[in-house]
Amino acid sequence: MLDSISVGMAGLNAFSQAIKVIGNNTANMNTPGFKGSTLQFGDLVTAGSQPGSTGFASTGAGVDTFNTIVNFKAGDLRQTGNDLDLAVNGQGFFMLKNDAGDTAYTRDGQFQFDDKGVLINSSDKSVVQGLDASGHVGNIDLTGLRINPPKASVNVSFTGNLSSAATDQTVSGINVLDASGTTHELSIKLTSDAPTTPGSWQVSVLDGTTEIGTGTLLFTNGTPDPANSKISVNYTPPGQPLMALTLDLGTNVTSYATGNLSTLAFASQDGYQAGSISKLSFDATGFLNIEYSNGQSAKGKQIALARFDSDDSLVASGDNQFRASGAESPQVGAAQAGGFGALQSGYIEYSNVDLTSEFGDLVIMQRGYQASSQIVSTANEMIEQLFSMKGK
């Protein structure tokens, strides 16, 4: 009967541990990147000799518990609206490195850039690992990427119709940018060579009243001659290096008779001013995409992903993270390559806990706990009856 109490107590302890695991799963049902666990049960056996027998017989001694098994099945992906939130759609773990240099692995992709421009994990501030152009693992930062430098104008485009009946035409408001991003307003003056050379125009490029270059523009039957539709000039703004400008007066320009009315006008130029970061996001392959206020964009480093031959090599370490339990080194690569999944920016992978299954298991464990408690109570009553009989 004392053995029966021991068996019942083993059951109480085992089912209590199982309920604890279920409770932990349920409590983390909305924890990003959380992986549910199940408790392993094993029977206890005591070997002993039977009276009057030369052999040995084993009798059950209750139940024991071993390690918990982590279910690494992917959880649901939910949209967050934050472009720096990332989810892996497929295989792979994000790699994090703490101040001590230890590496952890997670499916929780809640990331942000700190005040130093380094991509970190939002929960414990560990540094997210990425790949450089050579494939080396390191930090992902904004070094040299916070500002997009200005670019001087090179190509200047025009649009509209230059009336073939007019004798001259002036187009002003031609804004170009120098290497520092400063705007300079130029103008062009066109003078017809008709009737000497019909369709031919002499072009003078002006900075204020200063002529900085000239060229010849030629139309045939109202359409520009490709060989004589662009004017190239060298312009040196005050205090700035020389700019080689090409004025395109052919692509979207015509010359038909419309009286003295011309619609020729400045259309665009390809220079831009300095720009600051306006948006940060990651593409499906893990590259950092940077958009600037000047309309330009750039790419940064790539998110590194890791995976193990067996997920059993990982043990939970808290903060939605796992650490390698043995000497096995992970395979490191990039999204959508080498079997790794794709990244989804603006999404988070939530817990893979199935609440219906957990509640079903909870009922079973509760019944087991109650049954084990009943065994202890029954064995205790039998002992009390035995002592009562002895006392009589």
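The values are calculated or read from the model by the stated rules, or taken from the named source; none is laboratory data. The model shown is predicted, which means the values in this text are computed figures rather than measured ones. Here the Cβ positions follow ideal geometry from the backbone for every residue, glycine too, while neighbour counts run over all protein chains shown. Protein only, heavy atoms only, side chains kept; ligands, DNA and RNA dropped before computing areas. Shrake-Rupley method; radii C 1.70, N 1.55, O 1.52, S 1.80 Å.
Descriptive notes on the structure:
- For the range 33-44, a tally of residues being of a type in the set (A, V, I, L, M) and either surrounded by fewer than 16 Cβ atoms within 10 Å (Cβ to Cβ) or more than 30 Å from Asn320 (Cα to Cα) (or both) returns 1.
- Conditions (1) in a helix (DSSP H, G or I); (2) without any contact (Cβ under 8 Å) to a residue 60 or more places away in the chain; (3) not aliphatic (A, V, I, L, M); number of the one not met by Phe41: (1)
- All strands (runs of 3 or more DSSP E) inside the range 244-334 with 2 or more residues being of a type in the set (Ser, Thr, Tyr) and at pLDDT 95 or above: 275-282
- When the range 69-78 is limited to residues that are closer than 19 Å to Ser313 by Cβ and touching a residue at least 40 places away in the same chain (Cβ under 8 Å), the one that is surrounded by the fewest Cβ atoms within 10 Å (Cβ to Cβ) turns out to be Lys73.
- The residues of the range 177-193 that are open to solvent by 50 Å² or more (accessible area, probe 1.4 Å), within 19 Å of Lys230 (Cβ to Cβ) and among the polar types (S, T, N, Q) amount to a single one, Thr191.
- Any hit, the range 24-32, residues being modelled with pLDDT of 90 or more, of a type in the set (A, V, I, L, M, F, W, C) and open to solvent by 60 Å² or more (accessible area, probe 1.4 Å): yes
- Count of residues meeting criterion [open to solvent by 50 Å² or more (accessible area, probe 1.4 Å) and either in contact with a His (Cβ under 8 Å, 6 or more places away or on another chain) or of a type outside the set (S, T, N, Q) (or both)] in the range 219-244: 8
Per-residue answers, yes or no, for (1) among the polar types (S, T, N, Q); (2) under 24 Å from the mean Cα position of the chain (by Cα):
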position	(1), (2)
Leu305	no, yes
Asp311	no, yes
Val315	no, no
Gly318	no, yes
Val332	no, yes
Gly341	no, yes
Asp354	no, no
Gln385	yes, no
Ser388	yes, no
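- Scanning the range 134-147 for residues that are closer than 15 Å to Asn289 by Cα and either of a type in the set (Gly, Ala, Ser) or open to solvent by 20 Å² or more (accessible area, probe 1.4 Å) (or both) turns up Asp141, Thr143, Gly144, Leu145, Arg146, Ile147.
- Selection from the range 342-353 of residues that are assigned to a loop (DSSP other than H, G, I, E, B) and either touching a helix residue (DSSP H, G or I) at 6+ places or on another chain (Cβ under 9 Å) or among the hydroxyl-bearing types (Ser, Thr, Tyr) (or both): Tyr350, Ser351, Val353
Condition check ((1) open to solvent by less than 60 Å² (accessible area, probe 1.4 Å); (2) without any contact (Cβ under 8 Å) to a residue 24 or more places away in the chain; (3) of a type in the set (A, V, I, L, M, F, W, C)) across all residues:
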{"residue": "Pro195", "(1), (2), (3)": "no, yes, no"}
{"residue": "Val203", "(1), (2), (3)": "yes, no, yes"}
{"residue": "Thr209", "(1), (2), (3)": "no, yes, no"}
{"residue": "Gly250", "(1), (2), (3)": "yes, no, no"}
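- Selected residue (only one of Thr216, Thr196 is at pLDDT 95 or above and not hydrophobic (A, V, I, L, M, F, W, C)): Thr216
- Enumeration of residues in the range 150-176 that are under 20 Å from Thr209 (Cβ atoms) and either surrounded by 16 or more Cβ atoms within 10 Å (Cβ to Cβ) or not acidic (Asp, Glu) (or both): Val156, Gln169, Thr170, Val171, Ser172, Gly173, Ile174, Asn175, Val176
- Every residue from the range 190-213 that is over 19 Å from Ser157 (Cβ atoms) and of a type in the set (S, T, N, Q): Thr191, Ser192, Thr196, Thr197, Ser200, Gln202, Thr209, Thr210
- Filter result (under 13 Å from the mean Cα position of the chain (by Cα), surrounded by fewer than 22 Cβ atoms within 10 Å (Cβ to Cβ) and farther than 15 Å from Ala335 by Cβ) within the range 79-127: Gln79, Thr80, Gly81, Asn82, Asp83, Leu84, Gln110, Gln112, Phe113, Ile120
- Any pair with Cβ under 8 angstrom, 6 or more apart, that starts in the range 88-104 at a residue that is free of Cβ contacts under 8 Å to residues at least 60 places away in the same chain and ends at one that is open to solvent by 40 Å² or more (accessible area, probe 1.4 Å) and not in a strand (DSSP E or B): Asn98/Asp124
- Consider the range 1-23 and keep the residues that are of a type in the set (Gly, Ala, Ser) and open to solvent by less than 40 Å² (accessible area, probe 1.4 Å). The one that is farthest from the chain's Cα centre (by Cα) is Gly8.
- Search result, residues across the range 73-111 that are farther than 22 Å from Ser37 by Cβ and among the small types (Gly, Ala, Ser): Gly81, Gly90, Ala100, Gly101
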